[in-house]
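S.K.: Got a structure for you, questions after.
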């Protein structure tokens, strides 16, 4: 059906029944504020169809474009962190280094940290940037930095819970001494920041990157 064709060998009665089920689901899920002719059911005008198609196309474009934009923003954020650290004498370690094998004065991207999950099993969680301060003592955990960006306020509620889950897993494994912060760019409102603060998660804004020095880097 995605190619505009129906199954040629399906019995007509079965095909009709399945199409009606699909139509019923679509109608139930359709937004009545967009598809205004569905409730109450009536023929749609050409203007209403054009308006609905425009809204759907805009949302589809956003769904495709937003991950691309976020990935580009994250790449820029990590580049900014790297430049800031290297200007202070830090050396970048290759991907794959273990969190407990980082010498003082180094950093790494895409670090996997093993944490205890439900049922006693161990799972890896990815950390965007791990920094081992020059003053770190042997056996210390690196400072863990999660890069976050948001182009608007609408998609931060789900993501704030992801960060809370990550820090809770880290604390459950390594104790309350875990240092985990956010590196933020974009639209993060007081609701998001308040939620993170309640989880004792601190943050640094990208436009105030020098605040990283507060964390003994």
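The values are calculated or read from the model by the stated rules, or taken from the named source; none is laboratory data. These figures come from a predicted structure and were not determined experimentally. Because the Cβ atoms are built from the backbone with ideal geometry, glycine has one as well, and the counts that use them run over all protein chains shown.
S.K.: Which residue out of 36, 49 is in contact with a helix residue (DSSP H, G or I) (Cβ under 7 Å, 6 or more places away or on another chain) and outside the structural domain of residue 113 (by TED's automatic domain parsing)? So that I can check it myself, show each step before the final result.
M.R.: Numbers: 49 fails: in contact with a helix residue (DSSP H, G or I) (Cβ under 7 Å, 6 or more places away or on another chain).
When all the criteria are applied, what remains is 36.
S.K.: Could you go through the range 18-30 and let me know if any residue there is in the same structural domain as residue 55 (by TED's automatic domain parsing) and not in a helix (DSSP H, G or I).
M.R.: Yes, the range 18-30 has at least one match.
S.K.: Select from the range 160-191 the residues that are surrounded by 15 or more Cβ atoms within 10 Å (Cβ to Cβ), under 27 Å from residue 72 (Cβ atoms) and in contact with a strand residue (DSSP E or B) (Cβ under 8 Å, 6 or more places away or on another chain) and list them in ascending order.
M.R.: 163, 166, 167, 180, 181, 182, 183, 184, 185, 186, 188
S.K.: Let me ask you something else. Only one of these conditions is not met by residue 212: (1) surrounded by 12 or more Cβ atoms within 10 Å (Cβ to Cβ); (2) under 26 Å from residue 67 (Cα atoms); (3) at pLDDT 95 or above. Which number is it?
M.R.: Against the list (1) surrounded by 12 or more Cβ atoms within 10 Å (Cβ to Cβ); (2) under 26 Å from residue 67 (Cα atoms); (3) at pLDDT 95 or above, residue 212 comes up short only on (2).
S.K.: Also: Against the condition surrounded by 10 or more Cβ atoms within 10 Å (Cβ to Cβ) and under 23 Å from residue 148 (Cβ atoms), how does residue 92 come out, does it pass?
M.R.: yes
S.K.: If you go through the range 67-110, how many residues are at pLDDT 95 or above, part of a strand (DSSP E or B) and under 21 Å from residue 184 (Cα atoms)?
M.R.: Total meeting the criteria: 3.
S.K.: Cβ-Cβ under 8 Å, sequence separation 6+ or interchain: first residue in the range 191-215 and within 28 Å of residue 86 (Cα to Cα) and in the same structural domain as residue 177 (by TED's automatic domain parsing), partner loosely packed, with under 13 Cβ neighbours inside 10 Å and at pLDDT 95 or above. Which pairs?
M.R.: No pair meets every condition.
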